[in-house]
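Notes follow the structure.
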Amino acid sequence: MTIGTVTSKPKAASIPETVQKAHDAFNRGVTKPMEWRRKQLKSMLRMYEENQDAMVEALRKDLRRSKMEALLLEVDYLINDLKNTLHHLDEWAKPVRPSKTIVNMLDDVVIYNDPYGVVLVIGAWNYPLQLLLLPMSGAIAAGNAVVVKPSELSVNCANFIAEMLPKYLDNDAVLVVEGGPKETTELLQQKFDYIFFTGGTGIGKIVYEAATKSLTPVTLELGGKSPVYIDNTVDIVVSARRILWGKFINAGQTCIAPDYVLCSKEVQDKFVEAAKKVLYEWYGEDPQKSPDLCRIVNSRHFSRLQSLLDASVNKIVVGGKTDAQDRFIEPTIVANVTEKDKIMEGEIFGPILPIVPVENAYEAIKFINAREKPLTMYIFTTNATVRDSLLNNTSSGSVCCNDTVMQMGVDTLPFGGVGHSGMGAYHGKATFDTFTHKKSCLIKNFAAIGEKLGSGRYPPYTDSNLNFIRTLMRKRQPPSLKFLPYLLAFALGVGVTYGVFAVQKMSSEDL
Ligand code: NAD
């Protein structure tokens, strides 16, 4: 070090400066070119591939996540999403030319996929990498500048993000703000062109309120109590496995985890018996020693869950063991729960599964509809009438029949809530569309015939002009193609018959 030189860490930019930097980059047109978007996305892919171990380790430190869950539910999920985006990006981004009426026959009618500008992405702690980085890459793919705010509760993942993004991505257009409620509040006072928030419904309302002041569009990915209905037509052991896996991954701290089960008393008994066997097979005699169970994120959430268990202590039929030091809660099932029980008040977000007995699907529908619309709903039945009855008479962000959580893996299914469980949706192309303003554009020319076609609109208004223009503007439905295969088959049949007939005729003439 040269004597006399003062070396000090550069002062971190303030939140308004950071947001302004992102606006400047967007306004300079940095983020719009497809080459820039591709470069950032490929760099993100490299970031995931080169830092898999660090990501697994950060998740282990924050949630004691197993390697299997870390890779399957976050790292691979991000990698697959990025590869899919890179594969389809040109097709998604290109302008769309929709159908037009005769009056616009000679004009260009185009929908441009415009980026919004600067997007704010606020993440939650339960899937701290996936829930922040997936919308972030979607915003970049759509040509936006982005400011991300990871959750302060998953501190190791937040540090990973804050350290890695500047190394791999454009520092002018992709920026990280670390912090909690104070920093998020300050961020929400800045001007953004889109806000994408994942978190609880209570904070979601705060974000929505802040966004309305500047009419900023939002996606709110919120939570809620997602029900499971099981009837007596299903394979109860397979159903138990699928429900318990969805419930106990990440120690129940999953937004689409089954929150509670609705079933008859008879199914409840069978389910509890099957669940005991399954949980024993998975986690052994002492589940606390299993390397596959996550821990509760912090002592505040542990105490919240402990108080739910304390209030249900007489109804626990499986599990119930806890260890505050280790923030461990054993996978627990509570039976014969009623709507008055404390555990039915809010989203559980932990490894406790209550069962509420109901007589039938009709009662289950009534129970679900008496509450806020859930993020997702699970229906376990082989009876199509029962399934359709639940599907058609309830409202939820998504539905998965005869499994749990796996709907997340289908990237052609937009993922999001409805009502109190959120607004907007993403995943696959829906992510790109979320961060894209569909800019409609009509491009006319000065050709004489075009002017003639449109001239009926000009005064003086006459009935004949009115009739003319109305005829031109009438939307014509293209002829239905549903009978085309039959027509083709018929034509083929006629052709073949005629051919056979002609060959026979020729042969008989030859003779
Ligand atoms: P949270 O709402 O407490 O926090 C989310 C974000 O908001 C964090 O980044 C946090 O720093 C910030 N925040 C906290 N308090 C704030 C305040 N007063 N003002 C402004 N910002 C504030 O959510 P969480 O505890 O991180 O996550 C759990 C919740 O998120 C659950 O309800 C869960 O269902 C939901 N969730 C939903 C989805 C989904 O995709 N729909 C995914 C994961 C989690």
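Based on Cα positions only, what radius of gyration and what Dmax would you give for the stretch 369-499, in angstroms?
Cα-based Rg and Dmax for the stretch 369-499 come out at 25.7, 67 Å.
By average Cβ neighbour count within 10 Å, what is the ranking of 195-203, 335-343 from highest down? Don't jump to the answer; show the numbers that get you there.
Working: 195-203: 21.4, 335-343: 15.3.
Answer by packing, highest mean first, reads 195-203, 335-343.
Under 18 Å Cα to Cα from Lys94, which aspartates and glutamates show up? Leave out anything in the same chain fewer than 8 places away.
Here the aspartates and glutamates satisfying the reach criterion relative to Lys94 are Glu35, Asp108, Asp114, Asp433.
Express the C-alpha Rg of the chain as a ratio against the empirical globular expectation 2.2 N^0.38 Å, rounded to two decimals. Provide the component values of the computation, followed by the final result.
On the way: Rg = 29.0 Å, N = 511, 2.2 N^0.38 = 23.5 Å.
Output field value: 1.23.
Which value results when the Cα radius of gyration for the stretch 227-416 is divided by 2.2 N^0.38 Å?
Details: Rg = 15.7 Å, N = 190, 2.2 N^0.38 = 16.2 Å.
Compactness ratio reported: 0.97.
Per the helix-only calculation at 222 nm, which mean residue ellipticity applies to the chain, given -39500 (n - 2.57) for every DSSP H run of n ≥ 4 and division by its residues, nearest 500 deg cm²/dmol?
Values: 18 runs with 226 residues, N = 511.
Calculated at 222 nm, the ellipticity per residue is -14000 deg cm²/dmol.
For the chain, with the dipole built from +1 on Lys and Arg beta-carbon atoms and -1 on Asp and Glu ones, taken about the Cα centre, which of Thr198, Phe349, Ala58 lies farthest toward the positive end?
Ranked along the dipole, the leading option is Thr198.
How would you classify the stretch 1-131 from its alpha-carbon gyration tensor, with a ≥ b ≥ c the square roots of the eigenvalues: rounded for a/c under 1.5, else prolate if a/b is greater than b/c, otherwise oblate? Display every interim value, and only then the final one.
Details: a/c = 2.67, a/b = 1.45, b/c = 1.84.
Taking the square roots of the gyration eigenvalues as a ≥ b ≥ c, the stretch 1-131 is oblate.
What does the charge add up to near Val207, with Lys and Arg as +1, Asp and Glu as -1, over the other residues with Cβ less than 12 Å from its Cβ?
Around Val207, the surrounding residues sum to +1.
Which listed residue (Val103, Ser43, Gly29) has the Cα farthest towards the positive end of the charge dipole for the chain, taking +1 on Lys and Arg C-beta and -1 on Asp and Glu C-beta about the Cα centre?
Val103
Using only alpha carbon positions, build the gyration tensor of the stretch 106-170, then give the equivalent ellipsoid semi-axes as the square roots of 5 times its eigenvalues, largest first, whole angstrom. List each step's numbers first, then the result.
Working: eigenvalues 190, 29, 13 Å².
After scaling each eigenvalue by five and taking roots: 31, 12, 8 Å.
What is the extension gain from Lys505 to Thr412, computed as 0.36 nm multiplied by their sequence separation minus the C-alpha to C-alpha distance, in nm to one decimal? Walk me through the numbers on the way to the answer.
Values: separation 93, 0.36 × 93 = 33.48 nm, distance 5.54 nm.
Fully extending the segment from Lys505 to Thr412 adds 27.9 nm.
With only Lys, Arg, Asp and Glu charged, each at its Cβ (+1 for the first two, -1 for the last two), find how big the charge dipole of the stretch 227-416 is about the Cα centre; round to the nearest 20 debye.
On the way: 20 positive and 24 negative charges, 58 e Å.
In debye, rounded to 20, the stretch 227-416 gives about 280.
Roughly what would the spin-label model give for Ala448 and Glu363, points 7 Å off Cα along C-beta, in nm?
My value for the distance between the label points is 8.0 nm.
Restricting to Cα atoms and excluding each atom paired with itself, what does the Kirkwood estimate give for the stretch 402-458 in Å?
Numbers: mean 1/r = 0.0647 Å⁻¹.
For the stretch 402-458, inverting the mean 1/r across all distinct Cα pairs yields 15.5 Å.
Separation between the Leu487 and Glu183 pseudo-spin-labels, each 7 Å from Cα along Cα→Cβ, expressed in nm?
It is 6.3 nm.
Just tell me which lysines come within less than 23 Å, Cα to Cα, of Lys61; anything on the same chain fewer than 8 places away is out.
Cα-Cα hits under 23 Å: Lys149, Lys167, Lys247, Lys289, Lys321.
Tell me which of Gly409, Ala257, Ala364 sits at the most positive position along the dipole axis of the stretch 227-416, charges placed on C-beta atoms (Lys, Arg +1; Asp, Glu -1).
Most positive-ward Cα: Ala257.
Evaluate the charge dipole of the chain about its Cα centre and quote only its size in Debye, nearest 20, assuming +1 on the Cβ of each Lys and Arg and -1 on the Cβ of each Asp and Glu. Write out the running numbers ahead of the final one.
Details: 58 positive and 56 negative charges, 277 e Å.
Roughly 1320 debye for the chain.
Values in this text are rule-based calculations from the coordinates and carry no lab data. From a predicted model like this one, the values you see are computed outputs, not experimental measurements. So basically every Cβ, Gly included, is an ideal-geometry build from the backbone, and we count neighbours across all protein chains shown.
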